[in-house]
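Novice: Below are the C-alpha cells for one structure; questions will follow.
The values are calculated or read from the model by the stated rules, or taken from the named source; none is laboratory data. From a predicted model like this one, the values you see are computed outputs, not experimental measurements. Virtual Cβ from ideal backbone geometry, glycine too; neighbours counted across all protein chains shown. Heads up: the accessible areas ignore ligands, DNA and RNA and are worked out on the full protein's heavy atoms, side chains in. Shrake-Rupley method; radii C 1.70, N 1.55, O 1.52, S 1.80 Å.
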Amino acid sequence: MIYILGALLGGFALLVWLGRKAKAGKLKPGPWIRQGGTINALLALMTLISGGMSVFRGQWIIGGALILLALAFLGGTRFRYEGDKSPQPARTDMTRAGAFKVLGLSEGADRKTILSTYRRLMKDAHPDMGGTKEKAAALNAARDILLKS
C-alpha cells in the first residue's frame, strides 16, 4: 500500500512541476502537456480503485483518504469540449437600419424594446441552444449598434 501512495505522490509532484514549468514558458507545449486532463483523470481512477480496495480490506482511514484524494484529482479535471476558441470579429458593416432589420423592429424603438427583443431572439440563436455563431454575432452587432448610439 505504501508503494501505491508513493507512486501517486510522485506522479502528482511530477505533474505539478511540469505545469509550473509550462506556465513559466520554460517548456514548449507538447502532447504530454495537452493531455494533462487525461493524466489527471487516470490518476484519479487509480487512486479511487486503491481507496476502494483499502476500504474493502477494512483499512477505513487510508481508504477514505485515498477516496478524498481521488475526488480532489477529479475536481481539477475538466470534462468539457473546448471547441473553437478564436474570437469572432465584430461586424462593422451594419448600419442602424440594418440593425433594426436584424432585430425585426421598426426604427425609433426604445431601449427596453431593443433589449427584450434581443433577449428573445438570442434564446433561439445562441450556439448553445442550437443556433449558429453567425446569427448570434449578427444579433450582438445589431444590439451594440443600437444601444451604443
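Novice: Please indicate, with yes or no, whether at least one residue in the stretch 109-120 is under 24 Å from the mean Cα position of the chain (by Cα), more than 16 Å from Thr95 (Cα to Cα) and open to solvent by less than 50 Å² (accessible area, probe 1.4 Å).
Specialist: Checked against the condition, which is being under 24 Å from the mean Cα position of the chain (by Cα), more than 16 Å from Thr95 (Cα to Cα) and open to solvent by less than 50 Å² (accessible area, probe 1.4 Å), the stretch 109-120 yields no hits at all.
Novice: Any residue at all in the stretch 78-90 that is modelled with pLDDT under 90, in contact with a helix residue (DSSP H, G or I) (Cβ under 9 Å, 6 or more places away or on another chain) and surrounded by 15 or more Cβ atoms within 10 Å (Cβ to Cβ)?
Specialist: Within the stretch 78-90 (the criterion being modelled with pLDDT under 90, in contact with a helix residue (DSSP H, G or I) (Cβ under 9 Å, 6 or more places away or on another chain) and surrounded by 15 or more Cβ atoms within 10 Å (Cβ to Cβ)), the answer is no, since none of the residues qualifies.
Novice: State yes or no: is Lys133 in contact with a Pro (Cβ under 9 Å, 6 or more places away or on another chain) and either open to solvent by 70 Å² or more (accessible area, probe 1.4 Å) or modelled with pLDDT under 85 (or both)?
Specialist: In short, yes.
Condition check ((1) at pLDDT below 80; (2) out of contact with any His (no Cβ under 6 Å at 6 or more places or on another chain); (3) over 30 Å from Asp128 (Cβ atoms)) across all residues:
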{"site": "Gly6", "(1), (2), (3)": "yes, yes, yes"}
{"site": "Val16", "(1), (2), (3)": "yes, yes, yes"}
{"site": "Gly19", "(1), (2), (3)": "yes, yes, no"}
{"site": "Pro29", "(1), (2), (3)": "yes, yes, no"}
{"site": "Trp32", "(1), (2), (3)": "yes, yes, yes"}
{"site": "Gln35", "(1), (2), (3)": "yes, yes, no"}
{"site": "Trp60", "(1), (2), (3)": "no, yes, yes"}
{"site": "Gly76", "(1), (2), (3)": "yes, yes, no"}
